[in-house]
Amino acid sequence: MCRSIKTLRPPALPEEATEEDIRAAALQYVRKVSGFRVPAAHNREVFDHAVDAIAAATAELLENLEVRGAPARQPAS
């Protein structure tokens, strides 16, 4: 839990972040903020919901960031 969350955008990550990368970062964030590596059963639902919400927000952020000097992203089909 003491590792840093890695940067998920170019040029730090040469290719696009995968859904797995985004979910791992969201999970690490929720673990750090909550102080729980694994939540108790009565906190599981809220813990999982937080991971889902943060992963969705992260994916949206990465999709919409404009990085200077990086090649233009192709719109999703």
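Bear in mind that the values in this text are calculations on the coordinates, not laboratory data. Predicted, not measured: the structure shown is a model, and the values here were computed from it. Cβ atoms come from the backbone with ideal geometry, glycine included; neighbour counts cover every protein chain shown.
Taking the Cα centre of the chain as origin and assigning +1 to Lys and Arg Cβ atoms and -1 to Asp and Glu Cβ atoms, the resulting dipole is close to 440 debye.
For Rg and Dmax of the Cα atoms in Å, one of (i) 12.3, 39; (ii) 14.4, 47; (iii) 13.0, 39 was computed from the structure I shared and the rest are decoys. Which label? Step by step, Rg and Dmax of the Cα atoms in Å for this structure corresponds to label (ii). Taking the chain as the reference, fit the longest principal axis to its C-alpha atoms, fit the long axis of helix 19-34 to the helix C-alpha atoms, and give the angle between the two in degrees, 0 to 90, nearest 10. Value to nearest ten degrees: 40.
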